[in-house]
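A short reminder: the numbers here are calculations on the coordinates, not readings from a lab. These numbers were taken from a predicted model, which means no experiment stands behind them. Cβ coordinates were reconstructed from backbone atoms using ideal geometry, including for glycine residues, and neighbour counts include every protein chain displayed.
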Amino acid sequence: MKELEDNLLYRLTSTEGSLVDDESLIEVLRVTKETAIDVNDKLSTAAETEVRISSAREEFRPGKFISYEYWLVAFMSVKHMWNHRCILRYVMGR
């Protein structure tokens, strides 16, 4: 795109006489326009794809909370064992 813009600007500034009479300038304008339309279409498609990917990503996000629940249960079981040991020590007179 940058190369097309540079070429177009060069042609516009270096053309002598009527711009309408310069066939190569008209061809550069046509190619630049077609390329710009193609790039805009691809950018639009990319934006739509990004929305679909973000939506799909959100479907898997609840898995994050499941990992929190796992660690909570794991922590509680360790804490429960610790409490059990403390009660046994108290009951046994230690």
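Placing pseudo-labels 7 Å out from each Cα toward the beta carbon at MET1 and ILE53 gives an inter-label distance of 1.7 nm.
Counting other C-beta atoms within 10 Å, which of THR32, THR49 has the fewest, and how do the rest follow? Before the final figure, lay out the partial values.
Working: THR32 16, THR49 10.
Arranged by neighbour count, lowest to highest, THR32, THR49 become THR49, THR32.
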